[in-house]
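Enquirer: Okay, handing you the structure first.
The values are calculated or read from the model by the stated rules, or taken from the named source; none is laboratory data. All figures in this text were calculated on a predicted structure; none of them were measured in a lab. Glycine gets a Cβ as well: all are built from the backbone with ideal geometry, and neighbour counts include every protein chain shown.
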Amino acid sequence: MRRARQLALEALYESETSDHAALAVFERQMATAAHEEPKLTEARPSGYARGLVEGVIERRDELDGFIQEAATQYPVDTLAVVDRNILRLAIWELLTDNSAPVAAVVNEAVELAHRYGGESSPAFVNGVLRTVSERIKAAAVATSRPEEPESPETQQPE
């Protein structure tokens, strides 16, 4: 799955720094990678990577909102393109993939930041994702609480 994340990141990066469509870039990368790593084209890794790219494209504004809330001193559009896309990928995973533990998602993102980002990228990515994951967790807890029954004073007459 690490290689699938790398391909998704590379496609999003190229798309954002050129006029190339992210899914077209991803398809090209998968075709190239298939020659070197045939297992990558199996349903699970290729489908997961495609889902990452599509998910980030579809929910980009929402993902950027999470980034902005967690890194208030850094407008999203001023972040390094690679850092921004690593964060988008990881936040999408945190929001949609309940099979991956939060720590695993954060660790994978930090590894991507080590590989593709600048010197301060890993610490920045880690900090933002820790904040975002806490907010997602708090929101999930808040929505899963059973509603308290209304007290007799607040009930509306029928």
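Enquirer: Out of (1) surrounded by fewer than 10 Cβ atoms within 10 Å (Cβ to Cβ); (2) modelled with pLDDT of 85 or more; (3) part of a helix (DSSP H, G or I), what's the single condition that is false for Glu119?
Expert: The number of the failed condition is (3).
Enquirer: Given the criteria aliphatic (A, V, I, L, M), closer than 22 Å to Ile136 by Cα and not in a helix (DSSP H, G or I), does Ala100 qualify?
Expert: Taking the combined requirement at face value, the residue satisfies it.
Enquirer: Something else: Tally the residues that are buried (at least 16 other Cβ atoms within 10 Å of the Cβ), touching a residue at least 24 places away in the same chain (Cβ under 8 Å) and over 18 Å from Gln68 (Cα atoms), restricting the search to region 85-112.
Expert: Of the residues in that region, 5 qualify.
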